[in-house]
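The values are calculated or read from the model by the stated rules, or taken from the named source; none is laboratory data. Since we're looking at a predicted model, the values are computed, not measured. Positions of Cβ are backbone-derived with ideal geometry, glycine not excepted, and every protein chain shown enters the neighbour counts. In case anyone asks, the SASA skips ligands and DNA or RNA and just uses the protein heavy atoms, side chains included. Shrake-Rupley method; radii C 1.70, N 1.55, O 1.52, S 1.80 Å.
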Amino acid sequence: MNGGDDPDGELLGRVFLARVIEPGDEVAGRWVREFGVDEVVRRLREGGVALPGVSDKRWAGLLARAGEAEPRRDLAVARGAGVRFVRPGDGEWPGQLDDLGDARPLGLWVRGRASLRMWALRSVAVVGARACTEYGAHMAATLAAGLAERGWVVVSGGAYGVDGAAHRGALGAGGATVAVLACGVDRPYPRGHTQLITRIAEQGLVVGELPPGDHPTPSRFVLRNRVIAALTRGTVVVEAAYRSGSLVTARAAQRLGRHTMGVPGPATSGLSAGVHELLRQEAVLVTDATEVVELVGDMGELAPERRGPVLPRDLLDAAARRVLAALPGHRAAAADEIACGAQTTQDDAIARLYELRSLGYVERHSDGWKLTRQAMISARGGRRGS
């Protein structure tokens, strides 16, 4: 167990505070920074004058919680569930969480064998709507699988919908995934994902700020999202309505200077409205894992260039294409007219016209040269694809 060399010191102090203080409490975070863990714990245990920044009513509530906190018991329950407590300063602590400032977690409860610090170094968050569409679930799973195949860790919140699809996509590809929960990591939530979260704990990591047995609340879900954003190099939002919690993750990522990405959906879909609003601002549009990696990965990890199908006319050299383009669509033209349109000499135009005839693009008429039916079909196809 981390901190085993000082069982009565900072480890117990932080476990105590994790039971007393809500996640993301910046006032309490400032206390820890200014006074130190031991002093904050002492003041909460002994009562008396409130620490700065809280009302008497709130201080009384914190003292009531402090009177019920049993850090040794929490550590014992965690140990029995195969859970460890990782705190700032430990070798496994992900340094990027320090970017949260006074909202930094007091510590994280971690279930799983891998090193959280090492996995977080090359990780991407994939989040989105709980009530997602089939398209959203497909995109989340495909993105996650593609990222896992490229050696990236997929981080999400373990919820129904996009979160679950992302975790399953990574697991199905034999890759790594991390679920960041808004409750005790020994008590999977939602209950319907018990089997999934158990599998994540066996093949990946399950992480949370709340001590063993603690339950989720709406505010804890929102505050959990800042950890997902800070832990990863970037956040991809797959489907999100205007008031979706996944937008909280994206905005936290933006504030922290992380990459923010969105997968577009139908313009008529309310479930994609929040994503589209992100894309109208600072988020980057992505459609597959290679585009995500191009943004968050190392220099040179570029997505392949996107282009339409290669048409036969694309294989012509530039001079031949200019001559072909100079022919009128529905009548024959003389060589001098074609040469003028192609901005070349008449001799060069005639040479190119014979080349184009051999390829089936033009035919010779008594009054000049004319496009073949094949050439006109090819031209229309090219315009449709442009």
Exercise. Check every one of the helices (runs of 4 or more DSSP H) wholly within the range 194-263 and list those with 3 or more residues that are crowded, with 22+ Cβ neighbours inside 10 Å, in contact with a helix residue (DSSP H, G or I) (Cβ under 7 Å, 6 or more places away or on another chain) and among the hydrophobic types (A, V, I, L, M, F, W, C).
Key: 218-231, 245-255
Practice problem: Identify, by number, the condition in (1) in contact (Cβ under 8 Å) with a residue 60 or more places away in the chain; (2) open to solvent by less than 70 Å² (accessible area, probe 1.4 Å); (3) within 22 Å of Ala201 (Cβ to Cβ) that Arg79 doesn't meet. | Solution: (2)
Self-check item: Failed item in (1) in contact with a Phe, Trp or Tyr (Cβ under 7 Å, 6 or more places away or on another chain); (2) farther than 24 Å from Trp93 by Cα; (3) crowded, with 24+ Cβ neighbours inside 10 Å, with Val162 passing the rest
Solution: (1)
Exercise. Can you confirm whether the range 181-191 contains a residue that is surrounded by fewer than 24 Cβ atoms within 10 Å (Cβ to Cβ) and assigned to a helix (DSSP H, G or I)?
Key: yes
Quiz item: Trp369 fails exactly one of the following numbered conditions: (1) open to solvent by less than 20 Å² (accessible area, probe 1.4 Å); (2) in a helix (DSSP H, G or I); (3) at pLDDT 90 or above. What is the number of that condition?
Solution: (2)
Self-check item: Matching residues in the range 144-159 - criterion: being crowded, with 24+ Cβ neighbours inside 10 Å and more than 22 Å from Gln195 (Cα to Cα)
Solution: Leu147, Trp152
Exercise. Quick one: in the range 44-61, of everything that is part of a helix (DSSP H, G or I) and touching a helix residue (DSSP H, G or I) at 6+ places or on another chain (Cβ under 8 Å), which residue is nearest to Phe221 (Cα to Cα)?
Key: Leu44
Quiz item: Which residues, counting only those in the range 331-365, are polar (S, T, N, Q) and not in a helix (DSSP H, G or I)?
Solution: Gln343, Thr344, Thr345
Quiz item: Got a number for residues in the range 151-171 being more than 11 Å from the chain's Cα centre (by Cα) and in a strand (DSSP E or B)?
Solution: 0
Quiz item: Out of all the residues in the range 271-307, which are at pLDDT 75 or above, in contact with a Ser or Thr (Cβ under 9 Å, 6 or more places away or on another chain), acidic (Asp, Glu) and open to solvent by less than 80 Å² (accessible area, probe 1.4 Å)?
Solution: Asp288
